[in-house]
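Okay, so here's the structure we're looking at.
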Amino acid sequence: MAIIERRFFSDIVKLSEEKAILILHGARQTGKSTTLRWWLDREKAKSRDILFMDLEDPAALSVCESGVAEFLRYAKASGHDTACLSVALDEVQYLSDPSKFLKLLFDGYGDSIRIAASGSSSFAIKSKFKESLVGRTIPIEVFSLDFSEHCRFIGEERDFSIEWPQVLEAATFPIFRDFAETGAYPGLAATTDRSVKARRIRQIIQTYIQSDVRELGKVRYPDRFEALLKMLADQAGSLVNVVELAASLRMARATVEEYLFLLEQTYVVRRLRPFAGSVRTELTKMPKLYFEDNGVLAMERHFEFGPLDGFLLENAVFGELRKRFGIERLRFWRTTTGNEVDFILDEGAVAIEVKMHPRKSDCANLLRFRQHYGTKKLVLCGMEPPPSLPERVEFVYPWHLADFLE
């Protein structure tokens, strides 16, 4: 089966020219293994020998655990040319000491062997990787699909960077609605049966709880961890008050912080920092929280998919912006009096308000933000255009937003 190219594949092409180990990390089922196989296909096209090893396989894990010398013996005995070999190590966090293995392989044979590896989460990798690999690795985050990729996966590819006739906007509406309601896992993009998709996402969540949380995270209270996850789903898009969460769950504040860190490092949720006029002010304000995937958010909220609402739409827009521009370029704005703008891009260069059914009055806080910071680009994003807009405020459908802002 042909591999459908992702947006970040072009980054891998550029980074592959550097002498370093490519490290892919991201949530479960986001396409890391597929990406490794795509990378190997490219390496093979360069007349290099290729080797894929899944370290969830006990036999493959045993070979690598035995050391670099045993790995090389295995490769040669399997008919591979170690003088011109590209090797992909999937789920490298299963090694007891991945840093040592990768360092010895890279330092000893980096001129002839190219290495790419994946891990199920940045937490799993960071908890086992040591400083000995500093300067030897290039990290690459693998997210679930953005909407343009989703359209490609279901055979509805579009050019989102140009102006469309209204008939195409209308045809895209139900595709985006389904995307925002059910999530962005690559392996489920073409699944039309919602009950099948819901069951599969619930399985992914349970595997995550059992593997990443209980085994890798060493969580002491898995039942409270699950309760925290559901509580966060009810508060998606809202301010995160750790003190209130700790009181509600009867947990220490430090434990809640620890669990939030684990949820972020395993790509389940992400905290968004506030924009402010000074760093001191910014650091004393609470962040907002979003889920990395709308399907997981839906399952944690209601255990099933529901109709698109304002919470799901805002979370979906967060995902589009976060995947395209990165979390460091993204903020939100909120004053002590309650004025708020959903998303701020590039330190105030762009202000974005998200509404299901936007109206002219929804632009009030955008205009207040411009008055404070002189922002030139104000965007009202929603599922239908309002009858009228204030001067210099632009309406953009969510499926066009990322391309519009580039």
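The values are calculated or read from the model by the stated rules, or taken from the named source; none is laboratory data. Values in this document were obtained by computation on a predicted structure and should not be read as measured data. As a convention, Cβ positions derive from the backbone with ideal geometry for all residues, glycine included, and neighbour counts pool all protein chains shown.
The set of residues from region 183-240 being within 18 Å of the chain's Cα centre (by Cα) and on the phi > 0 side of the Ramachandran plot comprises Gly183, Gly237.
Listed here are the residues, each with its yes/no results for (1) in contact with a helix residue (DSSP H, G or I) (Cβ under 7 Å, 6 or more places away or on another chain); (2) assigned to a helix (DSSP H, G or I); (3) modelled with pLDDT of 95 or more.
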position: Ser96; (1), (2), (3): yes, no, no
position: Arg114; (1), (2), (3): yes, no, yes
position: Leu145; (1), (2), (3): yes, no, yes
position: Glu149; (1), (2), (3): no, yes, yes
position: Arg158; (1), (2), (3): yes, no, yes
position: Trp164; (1), (2), (3): no, no, yes
position: Ala180; (1), (2), (3): yes, yes, yes
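Out of the residues in region 354-386 that are of a type in the set (D, E, K, R) and over 25 Å from Ala180 (Cβ atoms), state the one that is surrounded by the most Cβ atoms within 10 Å (Cβ to Cβ). Ranking the qualifying residues of region 354-386, first place goes to Arg370.
Test His302 against the criterion of being within 26 Å of Lys230 (Cα to Cα) and not acidic (Asp, Glu), and give yes or no. Walk me through how you get there before you give the answer.
On the way: within 26 Å of Lys230 (Cα to Cα): yes; not acidic (Asp, Glu): yes.
Yes, satisfied.
Listed by first and then second residue, the pairs with beta-carbon distance under 9 Å, at least 6 apart or on different chains, first residue in region 257-276 and buried (at least 20 other Cβ atoms within 10 Å of the Cβ), second assigned to a helix (DSSP H, G or I) and of a type in the set (Ser, Thr, Tyr), are Thr266/Ser122; Thr266/Tyr208; Tyr267/Ser122; Val268/Tyr208; Pro274/Thr281; Phe275/Tyr373. In region 39-86, which residues are in a helix (DSSP H, G or I) and within 21 Å of Glu5 (Cα to Cα)? The answer is Trp39, Leu40, Asp41, Arg42, Glu43, Lys44, Ala45. Taking the criterion of being free of Cβ contacts under 8 Å to residues at least 60 places away in the same chain and surrounded by fewer than 18 Cβ atoms within 10 Å (Cβ to Cβ), the residues of region 81-110 that qualify are Asp81, Thr82, Ala83, Cys84, Ser96, Asp97, Lys100, Leu104, Asp107, Gly108.
When Phe305 is tested against the conditions (1) surrounded by fewer than 22 Cβ atoms within 10 Å (Cβ to Cβ); (2) touching a Ser or Thr at 6+ places or on another chain (Cβ under 8 Å); (3) in a helix (DSSP H, G or I), the lone failure is (3). Beta carbons closer than 9 Å, at least 6 apart along the sequence or on distinct chains, pair a first residue in region 286-302 that is under 12 Å from Phe332 (Cα atoms) with a second that is hydroxyl-bearing (Ser, Thr, Tyr) and assigned to a loop (DSSP other than H, G, I, E, B) for Lys288/Ser238; Leu289/Ser238.
Do the conditions hold for Asp49, that is, is it exposed (fewer than 15 other Cβ atoms within 10 Å of the Cβ), in contact with an Asp or Glu (Cβ under 7 Å, 6 or more places away or on another chain) and not aliphatic (A, V, I, L, M)? No, not satisfied. Each residue in region 148-183 was checked for being of a type in the set (Gly, Ala, Ser), under 11 Å from Trp399 (Cα atoms) and buried (at least 18 other Cβ atoms within 10 Å of the Cβ), and 2 of them qualify.
Selection of region 79-109 for residues being within 17 Å of Asp54 (Cα to Cα), hydroxyl-bearing (Ser, Thr, Tyr) and touching a strand residue (DSSP E or B) at 6+ places or on another chain (Cβ under 7 Å) yields only Ser86.
Could we say that Ser86 is over 30 Å from Ile175 (Cα atoms), in contact with a Leu (Cβ under 7 Å, 6 or more places away or on another chain) and modelled with pLDDT of 95 or more here?
Yes.
From the list Arg370, Arg331, the one residue that fits, being over 21 Å from Leu188 (Cα atoms), out of contact with any helix residue (DSSP H, G or I) (no Cβ under 7 Å at 6 or more places or on another chain) and not in a strand (DSSP E or B), is Arg370. Among the residues making up region 1-46, those that are under 18 Å from the mean Cα position of the chain (by Cα) and aromatic (Phe, Trp, Tyr) are Phe8, Phe9.
So, in region 388-402, how many residues would count as being part of a loop (DSSP other than H, G, I, E, B) and either under 25 Å from Phe311 (Cβ atoms) or free of Cβ contacts under 8 Å to residues at least 24 places away in the same chain (or both)? Residues flagged as part of a loop (DSSP other than H, G, I, E, B) and either under 25 Å from Phe311 (Cβ atoms) or free of Cβ contacts under 8 Å to residues at least 24 places away in the same chain (or both) within region 388-402 amount to 7. Applying a threshold of 8 Å to beta carbon distances and a minimum spacing of six or more residues, or different chains, the list of pairs starting in region 16-39 at a residue that is under 15 Å from Val87 (Cβ atoms) and ending at one that is of a type in the set (Phe, Trp, Tyr) and in a strand (DSSP E or B) reads Leu36/Phe52; Arg37/Phe52.
Counting only residues that are closer than 20 Å to Lys103 by Cα, surrounded by fewer than 16 Cβ atoms within 10 Å (Cβ to Cβ) and not small (Gly, Ala, Ser), region 56-75 holds 2 of them.
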